[in-house]
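None of the figures in this text is laboratory data; all of them are computed from the coordinates on show. Just so it is clear, the model here is predicted, and its values are computed rather than measured. All Cβ positions, even for glycine, are placed from backbone atoms using ideal geometry, and neighbour counts span all protein chains on display.
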Amino acid sequence: MTTRWTSKIVRGIHVRLLVPAMFCISFFSFIVTHFFGLPYLSKHRISTKSENIVLPAIQQYNHLYLRSRVSSDEQKPLTHRITDNITNENIYSEFTVGATTVDSKNKIKGLCPFVSPLLVGLTDMSVIASNSRKENKYAFTSRMSIMGLKTGGKYKPDNCISRNNVALIIPYRQRKFHLKIFLRYMHPFLQRQQLQYVVFIVEQSNGSEFNRGMLMNIGYQEALKQGSFQCFIFHDIDLLPEDDRNPYTCPENGRPRQMAYSIDIYDYRPTPKQHLGGVSAFTVTDFQLINGFSNVFWGWGSEDDDLYRRVVHHNLTVTRITDNESAFANIVRYRMIDHRKEKSNPDRNWLLEGWKHRLINDGLNNLSYKTLHVLLTPLFTHITVDIQQTSQTSANKRWT
């Protein structure tokens with residue numbers, strides 16, 4: 001009898017203690033997992049997903065590239081055909097970048113992949129040009145706003161942290177058609193590379209001959225007033241890259257990049273190694289070191305040759321994407337938009353001969369201009385300046 005009652009009492013105690021005990025165990029497991037286990041796993045980059053962020057990015061690129069190879073007589077622009085079917089959310093939620101798994105639902109961010117999964121490869125320029133003519137300004141502005149473009153032509157990826165913070169400097173005067181095509185083409189192009197960037201249009205007022213080098217210098221200085229950048233890409237408005245695998249990323253310090261050396265009007269024959277015109281990329285450190293462009297070249301010609309001499313003089317190495325891999329030659333091609341030929345500078349040859357005499361006191365450190373306005377438009381930062389040829393010319397003839 002005693003044994004039976006003892007057994008009932010023990011079973012009753014077990015039942016009354018079982019539920020609280022299970023609750024305590026579950027709560028303890030939750031605390032350990034979420035406050036100790038997960039941070040440790042994240043810190044040490046332990047993940048069930050592949051740690052190789054380049055390979056899945058290339059695989060995703062190949063998937064996108066095949067989808068983009070459609071007939072050129074389709075009415076949708078190339079960028080629309082991609083974004084209609086593949087959204088940022090379902091791309092980024094599949095990638096492990098840096099030390100963090102990117103999830104669009106909880107907005108955790110890591111570094112963007114080395115190779116963007118949004119690339120589409122070679123672009124049908126005729127389709128882009130045709131659709132640019134059809135799409136009005138407000139429709140395009142609205143589309144870019146939806147994609148994340150901010151006032152002033154500022155953009156950064158929404159779901160990952162870009163590895164590059166780029167200022168794009170474009171010298172400009174009286175080329176509205178070129179500007180329209182350039183903006184409609186380059187914004188989607190740069191966004192597919194997952195760059196953080198700002199587009200600066202530096203316009204020279206009427207009066208003096210066009211001075212490309214000085215406008216580049218002005219764009220550099222004015223951009224630094226707006227924020228900090230890793231590098232600057234100095235870009236002619238009439239050149240468009242044909243393939244978005246052509247990287248608009250920042251070069252290494254000491255290795256400025258010549259980008260536009262294979263252009264359609266020259267039958268894509270590589271320009272000479274000494275050519276540093278069209279499109280070029282510099283880190284802030286390197287551009288400051290060489291004192292920027294020369295300010296003395298009014299009219300067309302030779303400011304890029306002078307720039308090359310400055311680079312070599314300071315023991316910097318001009319690089320091209322094809323230096324180590326010739327297979328990239330078909331990727332770095334450019335198309336030039338038709339335009340009337342600019343008036344050449346009759347003094348460009350003798351000015352170039354005296355480049356070394358002017359090097360120290362001609363460039364960023366003797367820049368003189370009047371800012372007429374700085375306007376933040378929906379698609380770019382518009383800087384309009386007045387520069388006078390007379391004072392600059394007399395000041396820089398001293399070496400003769």
The range 108-388, dipole about Cα centre (Lys/Arg Cβ +1, Asp/Glu Cβ -1), debye to the nearest 20 = 660 debye
Between the modelled labels at GLN274 and LEU224 (7 Å from Cα along Cα→Cβ) the distance in nm is 3.0 nm
Of the candidates SER262, ILE181, GLN204, the farthest towards the positive dipole end of the range 108-388 (Lys/Arg Cβ +1, Asp/Glu Cβ -1, centred on the Cα centre) is ILE181
What fraction of the Cα pairs in the range 108-388, stated in percent, has a spacing above 32 angstrom?
-> 20 percent
Using θ = phi - 60° and the Karplus relation 6.51 cos²θ - 1.76 cosθ + 1.60, list the HN-Hα couplings for the range 265-272 in order, rounded to whole Hz, with x at every Gly or Pro.
-> 5, 9, 6, 6, 6, x, 6, x
Mind checking the dipole of the range 192-321: about its Cα centre, +1 per Lys or Arg Cβ, -1 per Asp or Glu Cβ, Debye to the nearest 20?
-> 460 debye
Nearest-0.05 FRET efficiency for ASP264 and ILE360 at R0 = 35 Å, using Cβ-Cβ distance, is 0.35
What fraction of the DSSP beta bridges in the range 237-367 is antiparallel, stated in percent and rounded to the nearest 5?
-> 60 percent
Here FRET efficiency (C-beta to C-beta, GLU325 to ASP238, R₀ 45 Å, nearest 0.05) is 0.95
Please list 307-313, 239-245 highest first by mean number of surrounding beta-carbon atoms within 10 Å per residue.
-> 239-245, 307-313
Report, in debye and to the nearest 20, how large the dipole of the range 245-373 comes out about its Cα centre when Lys and Arg carry +1 and Asp and Glu carry -1 on their Cβ.
-> 120 debye
Show the residues, 5+ positions off or on another chain, whose built amide H is closer than 5 Å to the amide H of SER162.
-> CYS112
